[in-house]
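A short write-up of the structure that comes next.
The values are calculated or read from the model by the stated rules, or taken from the named source; none is laboratory data. As the structure is a prediction and not an experimental result, all values here were calculated from the model. All Cβ positions, even for glycine, are placed from backbone atoms using ideal geometry, and neighbour counts span all protein chains on display. With ligands, DNA and RNA removed, areas are computed over all heavy atoms of the protein, side chains included. Shrake-Rupley method; radii C 1.70, N 1.55, O 1.52, S 1.80 Å.
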Amino acid sequence: MKITAKIIRRGAVVLTLAAAVLAAAYQASYPIKLNMLTLPKQIAAFDGRFDDAGNLPEVTVYGGAGLGNREYYLIEIGGELGSVTLKRSLTGRYRIECLRYGTGGLRDAIVESGGKKYLLLGGRDAAARIARIAVSIGGLSYDLENDGPGDHFLLCTEIDRRVEDNHINRDGVRFYSAEGEDITELYDLRGGGI
């Protein structure tokens, strides 16, 4: 009996230590406590790109959209438009799941969350003229209202679940001013994904 109790106690200690190690490893895999003041530096460090003087690139974080356990942010990194996707852990901390940037003035993605599909569309609006964006996806039309003033935007709208694409066709995007004028030709629709 003494041997059995001793084995059980040792097993419990080993299991407790293993659980603590696993919990610490899980917590360490989500190193970001979401804070808009420190997020730009965390993105720059994640990117790991340095200029000739050995400095990290400048990162500016613009609007964000939260869907399920992910947060999507429009960013500028070293002068290039991009996006970062953060994944939230069970403890409420985050890790960078995806970082993209490049040339062009528009970023987009069709993502799924909670059994629904959403269009994320972000970009530059230096003149702050875009009031509404019309997007055609799979024969259906979606209107996104740009309520926020500013030189960048990130908009999100639910779309039909049957859409199979991951990105939009840029030919199906139209920008409109507050007066209803089509101002699409004033903007660079090149870009990449979110």
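Hey, what's the chain come to in accessible area per residue, 1.4 Å probe, Å²?
Ligands and nucleic acids excluded, the result is 58 Å² per residue.
Counting only protein heavy atoms, what percent of the accessible surface of the range 78-171 is carbon or sulfur at a 1.4 Å probe?
So the carbon and sulfur contribution to the accessible surface is 41 percent.
Restricting to DSSP H runs of at least four residues, report the calculated mean residue ellipticity at 222 nm for the chain, -39500 (n - 2.57) per run over all residues, nearest 500 deg cm²/dmol.
Value at 222 nm, helices only: -6500 deg cm²/dmol.
Just list whichever of Lys87/Lys117; Lys41/Lys117; Lys33/Lys116; Lys33/Lys87 have alpha carbons separated by over 22 Å in the model shown.
Violating the 22 Å Cα-Cα cut-off are Lys41/Lys117; Lys33/Lys116.
Quote the charge dipole size of the chain about the Cα centre in Debye, to the nearest 20; the model charges only the Cβ of Lys and Arg (+1) and of Asp and Glu (-1).
For the chain, the charge dipole is close to 2020 debye.
How about the range 111-165: which trypsin sites (Lys or Arg not before Pro) there lie in a loop by DSSP and see at most 11 other Cβ atoms within 10 Å?
Passing both the DSSP loop test and the Cβ count: Arg161, Arg162.
So how exposed is His167, as accessible area in Å² (1.4 Å probe, rounded to 10)?
Number for this one is 80 Å².
Over the chain, what per residue volume does the convex hull of the Cα atoms give, in whole Å³?
So the per-residue hull volume is 155 Å³.
Please go through the range 110-194 and write out the GluC sites (Glu not before Pro) that DSSP classes as loop and that have at most 13 other C-beta atoms within 10 Å.
Answer by residue number: Glu164, Glu179, Glu181.
Given a Förster distance of 30 angstrom, what is the FRET efficiency for Glu181 paired with Glu158, based on the Cβ-Cβ distance and rounded to 0.05?
Step by step, r from the Cβ atoms, then E = 0.65.
Please report, largest first and rounded to whole Å, the three semi-axes of the ellipsoid equivalent to the range 63-147, where each semi-axis is the square root of five times an eigenvalue of the C-alpha gyration tensor.
Output for the range 63-147: semi-axes of 23, 19, 11 Å.
Once the mean 1/r over all distinct Cα pairs of the range 98-168 is inverted, what Kirkwood radius in angstroms do you read off?
Roughly 13.0 Å, rounded to one decimal.
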